[in-house]
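Asks: First, the structure itself, so that you have it in front of you.
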Amino acid sequence: MRVLVRVAVAGVAVAAPWIVAAIAPGQQRYIVHVLIFTALFAALALSYDLIVGHVGALSLAHPAFFGVGAYTAAIASTRGGWPFLADVAGAVALAGLVAALAGIPLFRLTEHAFAVGTLGFALVAWIVATNWVDVTRGPLCITGIPKPVTTLPAWYWLALTALGLVLLLYRGMTTFRLGRAMHAVRDNEPLAAAAGIDPLRYRMLAFVVGGALAGGVGALYAHYLSVFCPEEMTVALTVNMLVIVFLGGVGTLRGVLVGAVLFTALPEILRLAPTWRLVIYGLLLLVIVIRSPEGLSGLVRGRAR
Amino acid sequence: MLADVLEQLVHGLTLGSMYAMVAAGLALMLGVARLINFAHGEFFMLGAYAFWYGYRELGLPYPLAGVLAVALMVVWGVVYQRTVIRAILPRSWHVQLIATLATSIVLTNLAIIVFGTQPKEVPTALSSTILDVGGFRLVWQRLLVLAGALAIFWGLHRFVSRTRAGRAMRAMSQNREACAVVGVDVQHVAMITFALSAALAAAAATLVSPLFNIFPDMGTGLTLKAFAAVVTGGFGYVNGAIAASFLIGITEALAGSYLSYAYKDAFAFIIMIGVLLWRPQGLFGRRLGI
């Protein structure tokens with residue numbers, strides 16, 4: 001039964017552009033655009049949940065890795081003339097490398113200090129992106145990033161493929177022995193360490209893989225919009241990630257996917273100015289965090305799964 | 001050359017005073033309530049707008065507008081404790097961090113909606129007159145900031161060490177459970193701490209606003225720098241946070257003028273990360289206490 005549901009969901013996801021074309025032909029371009037964003041944000045949120053939901057490290061550095069990936073792809077393709085797949089691979093590798101280098105000092109910090117340290121790191125990354133004009137063109141943005149595919153449905157399938165790959169990796173990392181070790185580190189660090197599980201190793205692994213995947217999503221994002229600006233990697237992106245992950249349910253695949261769909265669909269339904277949208281997201285996040293202990297306590301106490 | 005260095009040093013001390021007043025509030029909340037208030041920079045922003053409203057819109061004289069701002073922010077501190085902090089105080093630090101971060105996002109964007117993105121200017125008589133001592137030029141307002149900050153730190157020290165409420169705060173910073181056992185109302189002490197921290201932020205805003213502009217997202221960067229100071233100084237240790245704030249302010253002013261202006265905002269974090277690598281408990285870090 002569960003397998004049937006999964007096949008059905010996957011089938012609907014793959015056939016979405018045709019379904020949209022059949023139901024709302026006049027709105028197809030717009031709806032498919034929203035779907036592409038949904039897929040990209042879902043992939044990014046899964047990469048974030050690997051760190052926040054599975055090893056319990058509340059990192060706020062994700063925009064930095066997203067930005068490193070996006071700028072790598074943007075610069076490699078516009079100035080280096082790299083083909084699409086090569087620059088995406090480069091983006092994944094460089095974002096992973098940056099995550100590894102940042103993780104070495106940051107994981108010396110615990111709890112609050114780790115969160116503040118990662119936030120500071122994200123802020124420094126943003127300051128560098130804004131001011132290193134020779135490389136990033138600063139506030140002028142990198143423009144004319146080539147699009148590997150041109151039609152919207154093709155973009156959708158590309159984003160969906162990326163989401164599928166991230167999803168497989170996410171499943172692979174969070175189940176089996178590896179997943180159990182990560183959850184042990186999240187739920188009870190001293191006990192995990194006593195059982196011979198090195199907490200730092202699993203935290204670093206999740207941090208580097210999460211960062212590398214965020215870089216890959218950043219690269220796709222830059223190619224899709226064909227423009228990338230420093231504003232894309234501010235604290236607002238962290239807030240979006242937190243809303244998606246905590247709205248749906250931290251540390252659960254289904255929760256994060258549901259969160260991503262709600263998050264990208266909600267503003268389209270609400271049709272609000274960005275300022276009001278952030279006010280509502282903030283209030284929503286506040287209420288969820290205070291009123292539904294499910295999401296967060298799962299992160300601390302761990303659920304039997 | 002010397003006059004130039006001195007001028008930057010005074011700029012650094014002014015910046016340091018601002019960071020210190022904000023960081024002292026953060027350190028108090030962290031020390032007493034074991035809670036990081038990510039919305040603290042927004043307290044400063046709200047205090048600045050309250051001051052602007054009293055000074056420019058109501059036309060109050062400068063000191064009175066400052067008192068109004070401080071009073072309004074004390075009320076805000078109490079409201080914030082009653083609505084958000086009361087609910088999250090017994091919860092895990094993840095919940096506290098996300099709830100206060102969410103508050104900061106709500107406040108920043110509400111400020112954009114209410115006041116617009118156009119910066120507000122609040123020049124005073126002191127901020128437009130210059131003291132000139134043999135080529136060393138200094139805006140009078142900066143002297144007022146330094147004097148005001150010193151007076152405030154002295155008052156804060158007296159409050160924490162001499163009053164009943166201050167004793168309760170110190171007791172709670174050492175052992176919250178024991179306080180609750182002997183009948184200290186933990187939520188009430190948290191309320192006093194938040195009102196006091198909000199008052200500090202409003203006082204800082206009143207002192208420095210005439211030198212800088214007021215805009216809705218001024219809080220985020222300030223929260224982070226004040227945190228850098230709190231972490232550098234030793235978690236939740238108020239005097240350490242104040243000392244680290246001056247270190248950051250002076251470094252920022254000197255490095256911003258002699259190394260790179262564009263990257264001046266990054267120095268606070270570079271100092272923080274450097275100090276944490278060398279001394280993870282912070283420069284003056286101890287285990288407990290404010």
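The values are calculated or read from the model by the stated rules, or taken from the named source; none is laboratory data. What you are looking at is a predicted structure, and each value in this text was computed from that prediction instead of being measured. As a convention, Cβ positions derive from the backbone with ideal geometry for all residues, glycine included, and neighbour counts pool all protein chains shown.
Asks: Does any residue of region A:215-223 turn out to be within 18 Å of A:Val279 (Cα to Cα), touching a residue at least 60 places away in the same chain (Cβ under 8 Å) and not aliphatic (A, V, I, L, M)?
Replies: no
Asks: The conditions are (1) outside any helix (DSSP H, G or I); (2) within 14 Å of chain B (Cβ to nearest Cβ), and A:Trp82 fails exactly one of them. Which is it?
Replies: The number of the failed condition is (2).
For (1) among the hydrophobic types (A, V, I, L, M, F, W, C); (2) more than 30 Å from B:Thr117 (Cβ to Cβ); (3) buried (at least 20 other Cβ atoms within 10 Å of the Cβ), each residue gets a yes or a no:
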{"position": "B:Ser161", "(1), (2), (3)": "no, yes, no"}
{"position": "B:Arg164", "(1), (2), (3)": "no, yes, no"}
{"position": "B:Arg167", "(1), (2), (3)": "no, yes, no"}
{"position": "B:Val186", "(1), (2), (3)": "yes, yes, no"}
{"position": "B:Gly234", "(1), (2), (3)": "no, yes, yes"}
{"position": "B:Val238", "(1), (2), (3)": "yes, yes, yes"}
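Asks: Let me ask you something else. Quickly run through region A:260-277 and pick out the residues that are within 14 Å of chain B (Cβ to nearest Cβ) and modelled with pLDDT of 80 or more.
Replies: The answer is A:Trp276, and nothing else.
Asks: Being farther than 30 Å from A:Ala184 by Cβ and of a type in the set (D, E, K, R) is the filter here, so list the residues in region A:34-86 that pass it.
Replies: A:Arg79
Asks: A follow-up question, please. Restricting attention to region A:103-116, report how many residues are within 7 Å of chain B (Cβ to nearest Cβ) and within 13 Å of B:Leu97 (Cβ to Cβ).
Replies: The total comes to 5.
Asks: If B:Leu13 satisfies all but one of (1) assigned to a helix (DSSP H, G or I); (2) of a type outside the set (Asp, Glu); (3) under 30 Å from B:Ser92 (Cα atoms), what's the number of the condition it fails?
Replies: So the condition that B:Leu13 fails would be (3).
Asks: Would you pick out the residues in region B:110-167 that are in contact with a helix residue (DSSP H, G or I) (Cβ under 7 Å, 6 or more places away or on another chain) and of a type in the set (Gly, Ala, Ser)?
Replies: Those that are in contact with a helix residue (DSSP H, G or I) (Cβ under 7 Å, 6 or more places away or on another chain) and of a type in the set (Gly, Ala, Ser): B:Ala111, B:Ser127, B:Gly135, B:Gly148, B:Ala149, B:Ala165, B:Gly166.
Asks: Search region B:40-68 for residues that are modelled with pLDDT under 90 and pair each with any residue that is assigned to a helix (DSSP H, G or I) and among the basic types (Lys, Arg) when their beta-carbon atoms are under 8 Å apart and the residues are at least 6 apart or on different chains.
Replies: Sorted first by the residue in region B:40-68, then by its partner, the list stays empty.
Asks: When you scan region B:161-224 for helices (runs of 4 or more DSSP H) that lie fully inside it, which ones turn up with 3 or more residues that are closer than 22 Å to B:Ile105 by Cβ and modelled with pLDDT of 90 or more?
Replies: The qualifying helices (runs of 4 or more DSSP H) are B:186-208.
Asks: Moving to a separate point now. B:Ala204 passes all but one of (1) among the small types (Gly, Ala, Ser); (2) in contact with a helix residue (DSSP H, G or I) (Cβ under 6 Å, 6 or more places away or on another chain); (3) more than 30 Å from B:Arg56 (Cβ to Cβ); which number fails?
Replies: (3)
Asks: Follow-up. Yes or no: B:Ala33 at pLDDT below 95, within 27 Å of A:Val52 (Cα to Cα) and not basic (Lys, Arg)?
Replies: When the stated conditions are applied, B:Ala33 passes them.
Asks: Here's another thing I want to ask about it. Surrounded by 24 or more Cβ atoms within 10 Å (Cβ to Cβ), within 12 Å of another protein chain (Cβ to nearest Cβ) and either of a type in the set (Gly, Ala, Ser) or within 16 Å of B:Phe194 (Cα to Cα) (or both), is that true of B:Met29?
Replies: So B:Met29 passes the test.
Asks: Sort through A:Leu168, A:Leu97 and tell me the only one that's out of contact with any helix residue (DSSP H, G or I) (no Cβ under 6 Å at 6 or more places or on another chain), in a helix (DSSP H, G or I) and surrounded by 15 or more Cβ atoms within 10 Å (Cβ to Cβ).
Replies: Result: A:Leu97 is the single residue among A:Leu168, A:Leu97 that is out of contact with any helix residue (DSSP H, G or I) (no Cβ under 6 Å at 6 or more places or on another chain), in a helix (DSSP H, G or I) and surrounded by 15 or more Cβ atoms within 10 Å (Cβ to Cβ).
Asks: Shifting gears a bit: From A:Ala21, A:Ala39, A:Ala16, A:Ala8, which residue is buried (at least 24 other Cβ atoms within 10 Å of the Cβ) and either within 30 Å of B:Trp93 (Cα to Cα) or not β-branched (Val, Ile, Thr) (or both)?
Replies: Residue meeting the stated conditions: A:Ala39.
Asks: Another question, if that's okay. I'm checking my understanding of the structure. Among residues of region B:249-280 that are in a loop (DSSP other than H, G, I, E, B) and more than 10 Å from chain A (Cβ to nearest Cβ), which one is nearest to B:Arg142 (Cα to Cα)?
Replies: Among residues in region B:249-280 that are in a loop (DSSP other than H, G, I, E, B) and more than 10 Å from chain A (Cβ to nearest Cβ), the one nearest to B:Arg142 (Cα to Cα) is B:Leu259.
Asks: Related question: Would a scan of region A:121-132 turn up a residue that is in a helix (DSSP H, G or I), touching a Phe, Trp or Tyr at 6+ places or on another chain (Cβ under 7 Å) and more than 30 Å from B:Asn37 (Cα to Cα)?
Replies: Within region A:121-132 (the criterion being in a helix (DSSP H, G or I), touching a Phe, Trp or Tyr at 6+ places or on another chain (Cβ under 7 Å) and more than 30 Å from B:Asn37 (Cα to Cα)), the answer is no, since none of the residues qualifies.
Asks: Give B:Val84, B:Val114, B:Val106 a once-over and let me know the one that is within 11 Å of chain A (Cβ to nearest Cβ), modelled with pLDDT of 85 or more and closer than 18 Å to B:Asn213 by Cα.
Replies: Within the list B:Val84, B:Val114, B:Val106, the selection yields B:Val114.
Asks: Would you tally the residues in region A:193-239 being surrounded by 24 or more Cβ atoms within 10 Å (Cβ to Cβ) and in a strand (DSSP E or B)?
Replies: 1
Asks: While we're here: Do the conditions hold for A:Ile51, that is, is it part of a helix (DSSP H, G or I) and crowded, with 23+ Cβ neighbours inside 10 Å?
Replies: Yes: the conditions hold for A:Ile51.
Asks: Could you check region A:1-29 and list, in sequence order, the residues that are more than 21 Å from A:Leu257 (Cα to Cα) and in a helix (DSSP H, G or I)?
Replies: A:Trp18, A:Ala21, A:Ala22, A:Ile23, A:Pro25, A:Gly26, A:Gln27, A:Gln28, A:Arg29
Asks: Here is a follow-up. Output the qualifying pairs, or none if there are none: Cβ atoms under 7 angstrom, residues six or more apart or on different chains, first residue in region A:186-200 and under 12 Å from A:Val55 (Cα atoms), second residue of a type outside the set (Ser, Thr, Tyr) and assigned to a loop (DSSP other than H, G, I, E, B).
Replies: That search, which allows pairs on different chains as well, returns A:Arg186/A:His54; A:Arg186/A:Val55; A:Arg186/A:Gly56; A:Arg186/A:Gly302; A:Asp187/A:Gly302; A:Leu200/A:Phe107.
Asks: Looking at (1) farther than 27 Å from A:Val209 by Cα; (2) touching a helix residue (DSSP H, G or I) at 6+ places or on another chain (Cβ under 8 Å); (3) not aromatic (Phe, Trp, Tyr), can you tell me which one A:Val14 breaks?
Replies: (1)
Asks: Going by what's in this entry, would B:Val230 be described as at the interface with another protein chain (Cβ under 10 Å from one of its Cβ atoms), among the β-branched types (Val, Ile, Thr) and either in contact with a helix residue (DSSP H, G or I) (Cβ under 8 Å, 6 or more places away or on another chain) or surrounded by 17 or more Cβ atoms within 10 Å (Cβ to Cβ) (or both)?
Replies: yes
Asks: Right, next: Quick check: is even one residue across region A:139-155 assigned to a helix (DSSP H, G or I), without any contact (Cβ under 8 Å) to a residue 40 or more places away in the chain and more than 14 Å from every other protein chain (Cβ to nearest Cβ)?
Replies: yes
Asks: With respect to the numbered conditions (1) under 23 Å from A:Ala57 (Cβ atoms); (2) within 14 Å of chain B (Cβ to nearest Cβ), which one is the sole condition not fulfilled by A:Ala129?
Replies: (1)
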